[in-house]
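Asks: One structure follows; several queries about it will come next.
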Amino acid sequence: MATGEAAAANMWARREAGRRWVQLLVLGMLAGLAGAVALSALAGARRSASAWDRLREATGAADAVVFASQVDIFGPDVDWSEVAALPYVEAAGSFGIPFVSVVDGPDGMAEQVGGMFSVPYGDWRTDVDRPIVLEGRLPDPDDPHEVLAPPGARDAGIAVGQQYTVRLPSDEQLATQDIFGEPQGPEVKLRVVGIGRSTFELATIPGDGAGWITTPAFHDRYAAPVTFIDNLLVRFRPGQGSVAELERDARRIFDSPRMPVLDTRAASKRVTNGTNLEAVGLLLFGLAVALAGAVLIGQALTRSVRAGAVDLSPLHAMGFTRPDGARALALPHLCVVAVAAGVAALGAVALSPFYPIGLGSKVEPDPGVHVDWVVLGAGVLLTAVVLLVTIAVSAYRATAVSPAARPVRRSRIVAMLAGTNAGPSVLVGAGLALEPGRDRR
């Protein structure tokens, strides 16, 4: 059971909280908002730093690309089966570039479809580099008339559900190998069923127009005779294989001593360098906000605690000790801690859809609301601890000397003026200017 002094301190604290609840609530919300901005930036930094690795994991990204087209290995009959059967290869699939042109579609469609791809072999886009769907759905592999668009297509006003028409080369053009001219063959209608992202259009073949993907059914029905560029993407088994080993085996299989193999992890440096820079920037921003908030909110909180100290004189006269006074000053401000912690946590979650920023937003595989329990847990705990320590120290220091008992330092100039029979207005003005006040003055 609380002693009489403790009970009196609690009663006084409840009275203060009831009298100043608006001020305390606003102070807690300000502290919480500063904490929310800082925590959301720190969580955003962690998301930016890990975005590429998480995208690779989510999409089953390729580890290497065998670029047969760069050593003049062309044609519809490139056989990748022996490379895909290598013991360290977990999955493989090739991307082809069919010679087609857009003849009808929404504005901006022709420019975007300049890099349309087909799936001549294997599990590309279904196992290797399977895309994260941002809108719509993945194309049906057995439907030759469905395509997936890259995120950059939205900048051209292209949306899910839109249709366009492509034209294939004619039989005469194929017979004369006139595949670089304007196609004069049959037309095929295609429909955008989804928009998605993967590591392919971000690092392997960078560019917004690189992600127009048709289905294996489109290749089998229409594009096989006109797909002369065909390159293989390979994902290694965990802990097995290397780019150098794949390059050696691919050169042997195709009897091509110059067969190039792209290391996709090395190629991704153009992306990860940018996301890492953004992560450092967000980290520094979050720390700066946290430091500035701690200073400004700390000053306001200290003034709020000390504001009640002038009313403790009667309580000290009734037997209050210094700990009792500190308790009375600190208790009303516990609501500031509770409000700040809650606002900081909820605010950080509410701000999470705005992160990552810049390049990181194009890489992030899981955009939207995100809860980083590590940052939230540590950040909310640290926020509460800093506020509690500030309150405790301020309350204890405010009760060091009762304001009413604090001696007033007399000014020698005022004392000298008093000896000269100066008028009351002179003495009062000099006293206000040169002598410190006490209590509420």
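The values are calculated or read from the model by the stated rules, or taken from the named source; none is laboratory data. All values derive from a computational prediction rather than experimental measurement. Quick reminder, even Gly has a Cβ in these numbers, built from the backbone with ideal geometry, and neighbours come from all protein chains shown. Protein only, heavy atoms only, side chains kept; ligands, DNA and RNA dropped before computing areas. Shrake-Rupley method; radii C 1.70, N 1.55, O 1.52, S 1.80 Å.
Asks: Within region 224-242, work out how many residues are within 17 Å of W124 (Cα to Cα) and open to solvent by less than 50 Å² (accessible area, probe 1.4 Å).
Replies: The qualifying residues number 10.
Asks: Within region 47-60, can you find the residues that are of a type in the set (S, T, N, Q) and buried (at least 23 other Cβ atoms within 10 Å of the Cβ)?
Replies: First, the residues of region 47-60 that are of a type in the set (S, T, N, Q): 48, 50, 59.
Within region 47-60, just S48 meets the criteria.
Asks: Open to solvent by 30 Å² or more (accessible area, probe 1.4 Å) and not aliphatic (A, V, I, L, M): which single residue out of D79, D63 fits that description? Talk me through it step by step, then tell me what you get.
Replies: Details: D63 fails: open to solvent by 30 Å² or more (accessible area, probe 1.4 Å).
From the options D79, D63, the qualifying one is D79.
Asks: Could you grab me the full set of residues in region 25-46 that are within 11 Å of the chain's Cα centre (by Cα) and crowded, with 23+ Cβ neighbours inside 10 Å? Outline the logic, then answer.
Replies: Pass one, region 25-46, residues within 11 Å of the chain's Cα centre (by Cα): 40-46.
Result: S40, A41, L42, A43, G44, A45.
Asks: If I go through region 359-387 residue by residue, how many of them are open to solvent by 60 Å² or more (accessible area, probe 1.4 Å) and in contact with a Gly (Cβ under 6 Å, 6 or more places away or on another chain)?
Replies: 0
Asks: Which members of region 243-276 meet the condition of being surrounded by fewer than 17 Cβ atoms within 10 Å (Cβ to Cβ) and without any contact (Cβ under 8 Å) to a residue 40 or more places away in the chain?
Replies: Those that are surrounded by fewer than 17 Cβ atoms within 10 Å (Cβ to Cβ) and without any contact (Cβ under 8 Å) to a residue 40 or more places away in the chain: A244, R248, R252, D255, P257, A266, K269, N273.
Asks: Looking at region 309-319, can you tell me whether even one residue there is farther than 23 Å from W21 by Cβ and either open to solvent by 60 Å² or more (accessible area, probe 1.4 Å) or at pLDDT 90 or above (or both)? Let's see the steps before the verdict.
Replies: Of the residues in region 309-319, the ones farther than 23 Å from W21 by Cβ are 313, 316-319.
Now narrow it down to the ones that are either open to solvent by 60 Å² or more (accessible area, probe 1.4 Å) or at pLDDT 90 or above (or both): 317-318.
Yes: one or more hits.
Asks: I've got another one for you. Considering only residues of region 150-166 that are part of a loop (DSSP other than H, G, I, E, B) and aliphatic (A, V, I, L, M), which is least open to solvent (accessible area, probe 1.4 Å)?
Replies: Of region 150-166, the ones part of a loop (DSSP other than H, G, I, E, B) are 150, 157-162.
In the following step, the residues that additionally are aliphatic (A, V, I, L, M) were identified as 158-160.
On the way: I158: 5, A159: 42, V160: 60 Å².
Here the answer is I158.
Asks: In this structure, does R438 turn out to be modelled with pLDDT under 75, within 55 Å of the chain's Cα centre (by Cα), more than 18 Å from L39 (Cβ to Cβ) and not aromatic (F, W, Y)?
Replies: Yes: the conditions hold for R438.
Asks: Any chance region 169-185 includes a residue that's part of a strand (DSSP E or B) and in contact with a helix residue (DSSP H, G or I) (Cβ under 8 Å, 6 or more places away or on another chain)?
Replies: Residues of region 169-185 that are part of a strand (DSSP E or B), as a first pass: none.
No, region 169-185 contains no residue that is part of a strand (DSSP E or B) and in contact with a helix residue (DSSP H, G or I) (Cβ under 8 Å, 6 or more places away or on another chain).
Asks: A further question on this structure: Taking only region 167-197 into account, find how many residues are among the β-branched types (V, I, T), more than 38 Å from the chain's Cα centre (by Cα) and surrounded by 14 or more Cβ atoms within 10 Å (Cβ to Cβ). Talk me through it step by step, then tell me what you get.
Replies: At the first step, the residues of region 167-197 found to be among the β-branched types (V, I, T) are 176, 179, 188, 192-193, 195.
Those left that are additionally more than 38 Å from the chain's Cα centre (by Cα): 176, 179, 188.
Retained after the next criterion (residues that are surrounded by 14 or more Cβ atoms within 10 Å (Cβ to Cβ)): 179, 188.
Counting residues in region 167-197 that are among the β-branched types (V, I, T), more than 38 Å from the chain's Cα centre (by Cα) and surrounded by 14 or more Cβ atoms within 10 Å (Cβ to Cβ) gives 2.
Asks: Quick one: how many residues across region 1-30 are modelled with pLDDT of 80 or more and of a type in the set (A, V, I, L, M)? Before the answer, list the steps.
Replies: Within region 1-30, the first condition is being modelled with pLDDT of 80 or more, and the residues that meet it are 22-30.
From what's left, of a type in the set (A, V, I, L, M): 22, 24-27, 29-30.
The number of residues fulfilling the criteria is 7.
Asks: Now for a separate question. Against the conditions (1) assigned to a helix (DSSP H, G or I); (2) open to solvent by less than 10 Å² (accessible area, probe 1.4 Å), where does R221 fall short? Just the number, please.
Replies: The number of the failed condition is (2).
Asks: Which condition from (1) surrounded by fewer than 22 Cβ atoms within 10 Å (Cβ to Cβ); (2) modelled with pLDDT under 85 is the one that D143 breaks?
Replies: So the condition that D143 fails would be (2).
Asks: Moving to a separate point now. Could you check region 331-376 and list, in sequence order, the residues that are within 18 Å of the chain's Cα centre (by Cα), assigned to a helix (DSSP H, G or I) and more than 18 Å from V289 (Cα to Cα)?
Replies: P353, L359, G360, S361, K362, V363, W373, V374
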